[in-house]
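Peer 1: To start, I am sharing the structure in question, which I have written as structure tokens.
Every number in this text was worked out from the coordinates using simple rules, so none of it is lab data. Not measured: the values here are computed from a predicted model. Backbone-built Cβ (ideal geometry, glycine too); neighbour counts: all protein chains shown.
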Amino acid sequence: MSTKGKVHLPVGQEAREVKGWFGAHKYLVLRRISQTFFLFLFLMGPWFGLWWVQGNLAGSMTFGVLPLNDPMILLQGMFAGHWPETTALIGGLIVLVAYGLIGGRVYCSWVCPINPVTDTAHWLHDKLNLPKGWQPKRATRYWILGTVMAVSALTGTIAWEVINPVTMVHRGLVFGMGFVWALVIGIFFFDLLVARRGWCGHVCPVGAFYSLIGTKSLLRVSAVDRSACDDCMDCYAVCPENQVISPALKGKDGSTPLILSPDCTNCGRCIDVCAVDVFAFTHRFDTHVEAPKDAVSDTEPPNRHAA
Amino acid sequence: MPTAAKPRKVDRRRFLTDSARMAGGCAVAGTLLAYVTNDAKALPDQAIRPPGALPEDDFLAACIRCGLCVRDCPYDTLVLAELGVDGAATGTPYFTARNIPCEMCDDIPCVAACPTGALDKDLTVIDDARMGTAVLVDQENCLNFLGLRCDVCYRVCPVIDEAITLETMHNERSGHHAIFAPTVHADKCTGCGVCEKSCVLPESAIKVLPLRLARGEAAEHYRLGWEEQDAKGAPVVEGIIDLPDRLPGPGTDNLAAPGGFEPTYKLPGVSQ
Ligand code: SF4
Ligand code: SF4
Ligand code: SF4
Ligand code: SF4
């Protein structure tokens, strides 16, 4: 197993062989636990009568003292002409600051209930080897975000909430589904058949909004050990926003190894899947790069392990 | 430098066409979204918003659909509308009086729970709530209107004798009984729906309706002369000559009056 860069092993196989299954899926498992945990917090009330957390992702109250509110929904309300009460403003500010620090799209990969759906769609998409399909520009979601705000202002309502699958699914699970499951199926097949990584990667304005929140976030992934990269391209294959990797991984000497694009969801899949552990979580001021371990490898990267 | 300018020009053209395409797409998507949101504004008449809810248009700009009001309602009155099942805008709170009416809690926990002000914090006395107003919609089936003494809607009203009273009137059918007509006074009725819930008929004869359906509105310049006169303590218009009233009596052209005589004119359809 030393011909990486020439023979393509299936994505992730090398990491599995080197680090073991858990080592190669650590952040994926943690993310699923986190997603389940955040959902469970809200379900403890209706299921077991433990009302520690009330409400849903749009707005909640924890232990009767900690309000949390989705700032994107509040912003739409403001565009629609309603200035919210202090409780919601405080709740919105807490969420804003928290995601501002840990990375806006941490919401997408660690909390959002739609993420497991689109991840599953992508997993199946890979398995079935389907074509990419419609791939609109990554900027599309920002345009949609702008449109949502404009429509909120024009109609005087919180516009995105009439179709927002994120809050609808969450509310559905906690309060009652109605026909929301149809929406989930719709998104699943959209991602599977119409557009690879379509919803979370190109369309969802909630993700776009949280991206914007996290532009200056502290927590970042860094290609610390980028000189060890053997071009297996596995990180590109697993990353839901793989356009963010190149500047950090393939940057010239002296450029930052940090993945600074706010599109990165801090999901940590690149860390998992890399057999030579190029990536690591760090903070945005840590621009340290590991020195190449073996001078020869710099001149002949593809055959580094062959010797 | 024409050689350097050329790719720039292409870049700019590309940028412009891309932007135009995005803008076009967004205009279409935005119109669709606006259509759906406008559609979602239609609130079914039997869906009543919680106490203190802002007028529907403002409510949809304010309510984030968090359900905290639902959770803090001790009677499980409130529910969040489910997509495609309930007619109200998805995720917004409402109640159906005939299922569980609002019990008019003194401390109004639903309003206290609302983080956004979609339920107005200015509502501090539950009697001031105007969720709608009860209307006795079916006099033909209401037992009291049939001459019986059911009285249930009247008895259960939390604002009894103010929001709803029993007004007596002559029972034309029996000729010698009274009808105790349940009569709602919209200026006092909170729209809680307890009466609708309690009506003994299989389909309630008294229903809470949204104010826009239940009420008319007097023109702004209308004045009730008798009230103005009472307030002023004198005739509203000065110098009106008060002509003597022609009372029925001897000498009137009215056979019904004692001592009257037959009128010279003939009223159509009246046989005197
Ligand atoms: S760069 Fe890594 S952490 Fe960021 S989205 Fe891609 S796989 Fe996830
Ligand atoms: S006043 Fe009480 S019963 Fe009525 S909706 Fe509010 S919490 Fe429920
Ligand atoms: S608590 Fe307020 S914002 Fe939340 S669902 Fe109820 S009315 Fe809407
Ligand atoms: S809705 Fe019925 S019970 Fe409630 S205040 Fe009005 S008349 Fe009374």
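Peer 1: Within a Cβ distance under 12 Å of residue A:190, other residues only, what is the Lys/Arg minus Asp/Glu net charge?
Peer 2: Here the count lands on +1.
Peer 1: Another question, then. Whole number please: convex hull volume per residue, Cα atoms of segment A:1-117, in Å³.
Peer 2: Numbers: hull volume 19.3 nm³, N = 117.
Taking the convex hull of the Cα positions in segment A:1-117, it is 165 Å³ per residue.
Peer 1: Taking just the C-alpha trace of segment B:145-272, give me its Rg and Dmax in Å.
Peer 2: 22.4, 59
Peer 1: So, one more: Using label points projected 7 Å from each Cα along Cα→Cβ, tell me how many nm separate residue B:185 and residue A:142, to one decimal.
Peer 2: 6.2 nm
Peer 1: Work out the FRET efficiency for residue B:39 and residue A:189 from their Cβ-Cβ distance, taking R0 = 35 Å, and round it to the nearest 0.05.
Peer 2: E(calc), rounded to 0.05, equals 0.90.
Peer 1: Can you pull the three principal axis extents for the Cα set of segment B:1-141, in Å, largest first?
Peer 2: 86, 37, 22
Peer 1: While we're on this one: Among DSSP bridges having both ends in chain B, what percentage is antiparallel? Round to the nearest 5.
Peer 2: Counting DSSP beta bridges with both partners in chain B, the antiparallel share is about 95 percent.
Peer 1: Along each of its three principal axes, how wide is the spread of alpha-carbon positions in segment B:67-131, in whole angstrom units, largest first?
Peer 2: Computed over segment B:67-131, the largest-to-smallest principal extents equal 34, 27, 19 Å.
Peer 1: Still on this model: Roughly how tilted is helix A:140-155, in degrees to the nearest 10 and between 0 and 90, from the longest Cα axis of chain A?
Peer 2: The angle comes out near 10 degrees.
Peer 1: So what is the 222 nm mean residue ellipticity for the protein assembly as shown from helices alone, if each DSSP H run of at least 4 adds -39500 (n - 2.57) and you divide by all residues, rounding to the nearest 500 deg cm²/dmol?
Peer 2: -11000 deg cm²/dmol
Peer 1: Now a separate question. Based on a Kirkwood Rh over C-alpha pairs, give the Stokes-Einstein translational diffusion coefficient of the protein assembly as shown at 4 °C and viscosity 1.567 mPa s in µm²/s.
Peer 2: Working: Rh = 29.1 Å.
This corresponds to a translational diffusion coefficient of 44 µm²/s.
Peer 1: A further question on this structure: What distance in nm separates the two pseudo spin-label positions at residue B:139 and residue B:261, each 7 Å out from Cα along the beta-carbon direction?
Peer 2: 4.1 nm
Peer 1: Assuming R0 = 60 Å, what is the FRET efficiency of residue B:14 and residue A:65, from their Cβ-Cβ distance, to the nearest 0.05?
Peer 2: Taking R0 as 60 Å, the efficiency between residue B:14 and residue A:65 is 0.70.
Peer 1: Moving on. Tell me, in nm to one decimal, what length is gained between residue B:162 and residue B:238 on full extension, where the rule is 0.36 nm per residue of separation less the Cα-Cα distance?
Peer 2: Numbers: separation 76, 0.36 × 76 = 27.36 nm, distance 3.63 nm.
Stretched fully, the residue B:162-residue B:238 segment lengthens by 23.7 nm.
Peer 1: Once you have a ≥ b ≥ c as the square roots of the Cα gyration tensor eigenvalues for segment A:120-206, tell me rounded if a/c is under 1.5, and otherwise prolate or oblate according to whether a/b is larger than b/c.
Peer 2: Oblate, because a/c is 1.5 or more while a/b does not exceed b/c.
Peer 1: Moving on. Relative to the longest principal axis of chain A, what angle (0 to 90°, nearest 10) does the C-alpha long axis of helix A:71-80 take?
Peer 2: 50 degrees
Peer 1: Follow-up. Let's test the formula: R0 of 56 Å, r as the Cβ-Cβ distance of residue A:287 and residue B:122. What FRET efficiency results, to the nearest 0.05?
Peer 2: On the way: r = 54 Å, r/R0 = 0.96.
The pair residue A:287/residue B:122 has a calculated efficiency of 0.55.
Peer 1: Share of antiparallel DSSP beta bridges in the protein assembly as shown, in percent to the nearest 5? All intermediate terms of the calculation are to be shown ahead of the outcome.
Peer 2: On the way: 30 of 31 bridges.
Given both bridge residues lie in the protein assembly as shown, the antiparallel proportion sits at roughly 95 percent.
Peer 1: Which lysines, on any chain, are close to residue B:232 with Cα under 28 Å apart, when same-chain ones fewer than 8 places away are left out?
Peer 2: Here the lysines satisfying the reach criterion relative to residue B:232 are B:188.
Peer 1: Additional query: Per residue of A:52-60, count partner chain C-beta atoms within 10 Å of its C-beta, then hand back the mean as an integer.
Peer 2: For peptide A:52-60, the averaged partner shielding equals 5.
Peer 1: Also: Can you give me the relative contact order of segment A:63-110 as a percent, contacts being Cα pairs under 8 Å and 6 or more apart?
Peer 2: After rounding, I find 40 percent.
Peer 1: Using a 10 Å cut-off on Cβ to Cβ distances, tally the other chain neighbours for every residue of A:156-169 and report the average as a whole number.
Peer 2: Details: counts 7, 14, 11, 9, 2, 10, 12, 7, 3, 0, 0, 5, 5, 0.
The mean count of partner-chain Cβ atoms within 10 Å per residue comes to 6.
Peer 1: Using a Gaussian network model of chain A whose springs link C-alpha atoms within less than 10 Å, name the residue from A:253, A:286, A:234 with the highest mean-square fluctuation.
Peer 2: It is A:253.
Peer 1: Sticking with this structure for a sec: If I fit a long axis through the Cα atoms of helix A:165-175 and take the longest principal axis of the Cα atoms of chain A, what angle between them do I get, 0 to 90°, rounded to 10?
Peer 2: 60 degrees
Peer 1: In 20 Å bins starting at zero, report the fraction of Cα pairs in chain A per bin as a rounded %.
Peer 2: 30, 56, 14, 0
Peer 1: Sequence neighbours fewer than 8 away in the same chain don't count; with that in mind, list the lysines whose C-alpha is under 18 Å from residue B:197.
Peer 2: Filter leaves B:207.
Peer 1: What nm value, rounded to one decimal, do you get for the distance between residue B:75 and residue A:37 when each label is placed 7 Å out toward the C-beta?
Peer 2: 4.1 nm
Peer 1: What does the charge count around residue B:17 come to, taking other residues whose C-beta lies under 14 Å from its C-beta (Lys +1, Arg +1, Asp -1, Glu -1)?
Peer 2: In short, +4.
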